[in-house]
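Since every read-out is calculated from the coordinates, none of them should be taken as a lab result. Keep in mind the model is a prediction, meaning the values are calculated, not measured. Ideal geometry is used to build each Cβ from the backbone, glycine not excepted, and the neighbour counts take in all protein chains shown.
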Amino acid sequence: MVSPFGGTTADFFGRMLAAESCIDYYTTDDKPRPLAMPAVRCKSFDAEAAIGRPLFGTMDRFAQLGYVAAREAWAHAGFDPNDRQEKTHAGVSWGTALGGTLAYERGYRDLWQNGRERITPLSVVLGMNNAASAHIAIQFGLGNSCLSYTVACASAAAAIGEAYRRIRAGDAKIMLTGGSDAPLCYGVVRAWEALRVLAPGDQESATRACRPFGVDRGGLVLGEGAAALVLEDWQHAVDRGAPILAELAGYGATADHSHLVRPDTAGQIRALQLALSDAELQAGQVGYVNAHGTATPEGDPTEVEALRAVFGARSETLPVSATKSMHGHMMGASGAVEAVITVLALRQDALPPTANVDVIDPACAGVRHVLHTPLRGTGARVALSNSFAFGGSNAVLAVRTDRNNVPT
């Protein structure tokens with residue numbers, strides 16, 4: 001992944017376990033109303049240095065973030081990122097909620113503020129939502145398929161789930177999948193402000209601005225980032241001696257079909273049940289849930305209600321945490337970042353906490369909220385990662401490390 005902390009993926013997960021927030025106070029000099037709000041930025045990410053000048057200039061920031069995360073995952077899986085020979089058994093499945101919004105905004109500024117009559121001819125390919133997946137396919141020679149998914153906050157989770165289905169159907173052996181977004185442009189932030197769902201905060205309070213499930217929660221925190229995973233047919237991975245981290249065992253996808261922004265418990269219940277059924281899991285086998293938990297007034301209790309309905313009496317002892325309390329809401333990248341966190345939580349037998357929350361809202365009670373410090377030594381080997389989006393798109397990933405000799 002590209003970590004907002006600026007270090008490795010292992011460093012990022014360690015900081016999640018330590019309940020360390022990467023949220024800070026973000027300000028701009030825009031006229032007449034500058035932005036000033038809590039946000040998550042990859043401040044130390046030097047895209048030009050990481051990518052190289054020629055390629056850097058052909059990518060908007062969301063594609064830059066995505067390409068670098070994908071390159072790291074591809075190398076970690078034992079492949080040569082510099083090998084561009086065609087691989088027809090391998091493809092790309094990528095999620096982004098917004099695509100190249102920064103490229104479009106630069107165009108508007110050039111035309112309306114700077115008085116230019118023309119904008120860069122690269123604007124279309126910089127801004128298109130499939131730019132990240134296209135660059136990844138080109139750079140790594142992935143000729144099987146090049147797919148992009150845009151379903152708001154569930155974009156990366158859907159991309160991962162559909163990649164899983166493609167491998168299971170026999171249409172591919174390997175899929176490089178994940179998501180990236182860079183939503184901190186002026187127009188996007190103002191649009192979210194207009195919805196009145198952004199968490200307030202100032203220089204002193206910004207790090208604690210996101211408080212999912214808390215009685216005093218005030219809204220979500222926007223952030224940029226990227227994460228990638230390599231999915232591979234089990235036997236193909238074993239035959240080549242791949243470093244297997246976990247098994248993606250199930251995927252559930254549903255649509256609320258009821259409202260554009262109000263979440264629906266029934267749709268989330270169906271997604272959770274489908275993921276469990278697809279993975280051939282019983283509710284009692286699940287040892288951890290990485291919640292969607294954005295800290296919005298309606299979203300948090302709706303998710304807990306769905307978990308209570310699916311897990312029944314078991315829900316009281318089911319460990320649940322919302323890591324967006326620390327890494328913010330990275331929009332279309334969130335599902336991938338949280339899938340990485342979920343895998344590492346199982347592998348290290350350490351469940352990250354929900355940070356910044358002292359008192360749980362009674363409407364969000366009924367599950368075992370992991371607060372402040374990590375929960376270690378539970379022996380959890382099966383987990384769910386939830387992504388519930390505007391538009392009513394729900395995606396749940398089921399991950400396990402308890403069979404087929406997944407190494408720990």
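Using a 10 Å cut-off on Cβ atoms, rank the peptides 212-221, 265-274 from the highest mean neighbour count down.
Values: 212-221: 22.3, 265-274: 20.6.
Order by mean packing, descending: 212-221, 265-274.
Where q = 0.23 Å⁻¹, what log10 of I(q)/I(0) comes from the Debye formula for region 359-408, counting one point per Cα?
Computed log10 I(q)/I(0) values: -1.08.
What's the Cα-based Rg to Rh of region 302-386, Rh via Kirkwood?
On the way: Rg = 12.6 Å, Rh = 13.4 Å.
My calculation puts Rg/Rh at 0.94.
Grab the DSSP H runs of the chain that are 4 residues or longer, score each as -39,500 (n - 2.57), total them, divide by all residues and round the 222 nm result to the nearest 500 deg cm²/dmol. Intermediate values should be presented prior to the final figure.
Values: 14 runs with 133 residues, N = 408.
Dividing the helical sum by the residues of the chain leaves -9500 deg cm²/dmol.
Pulled fully out, how much extra length does the chain show between Glu193 and Asp29, if you take 0.36 nm times their separation in residues and subtract their Cα-Cα distance? Kindly include the intermediate steps, with their values, before the conclusion.
Working: separation 164, 0.36 × 164 = 59.04 nm, distance 1.73 nm.
Full extension of this stretch gives 57.3 nm more.
Sorted from largest down, what three extents in whole angstroms do the Cα atoms of region 184-224 have along their principal axes?
Its Cα atoms span 29, 20, 17 Å along the three principal axes.
When we measure straight from the Cα of Lys173, which lysines land under 20 angstrom away, once same-chain ones fewer than 8 places off are left out?
Reachable lysines: Lys87.
So, in Å, what gap is there between the alpha-carbon centers of region 277-301 and region 1-29?
With region 277-301 and region 1-29 each reduced to a Cα centre, they are spaced 23 Å.
Which lysines does Lys324 reach when only Cα atoms under 29 Å apart count, and residues fewer than 8 places away in its own chain are ignored?
List returned: Lys43.
Taking only the alpha carbons of region 31-172, what extent do you get along each of the three principal axes, in Å, biggest first?
Its Cα atoms span 54, 31, 29 Å along the three principal axes.
Which of Ala36, Ala90, Ala156 moves most in a GNM of the chain, Cα contacts under 10 Å?
Residue with maximal mean-square fluctuation among Ala36, Ala90, Ala156: Ala36.
Which order do the peptides 241-251, 178-188, 281-291, 308-318 take when ranked by the mean count of other beta-carbon atoms within 10 Å per residue, highest first?
On the way: 241-251: 18.2, 178-188: 26.2, 281-291: 20.5, 308-318: 16.1.
The most tightly packed comes first, giving 178-188, 281-291, 241-251, 308-318.
Take every Cα-Cα pair in region 223-327 and report what % of them are more than 18 Å apart. Each step should come with its number before you reach the end.
Values: 3261 of 5460 pairs.
I get 60 percent for the Cα pairs in region 223-327 exceeding 18 Å.
For the chain, compute Rh as the Kirkwood radius over C-alpha pairs and then the Stokes-Einstein diffusion coefficient at 37 °C and 0.692 mPa s; write the answer in µm²/s, rounded to an integer. Mind showing how you got there, number by number?
Details: Rh = 21.1 Å.
Answer, rounded: 156 µm²/s.
By average Cβ neighbour count within 10 Å, what is the ranking of 16-23, 224-231, 46-53 from highest down?
Working: 16-23: 21.0, 224-231: 28.5, 46-53: 13.0.
So the peptides 16-23, 224-231, 46-53, ranked by packing, come out 224-231, 16-23, 46-53.
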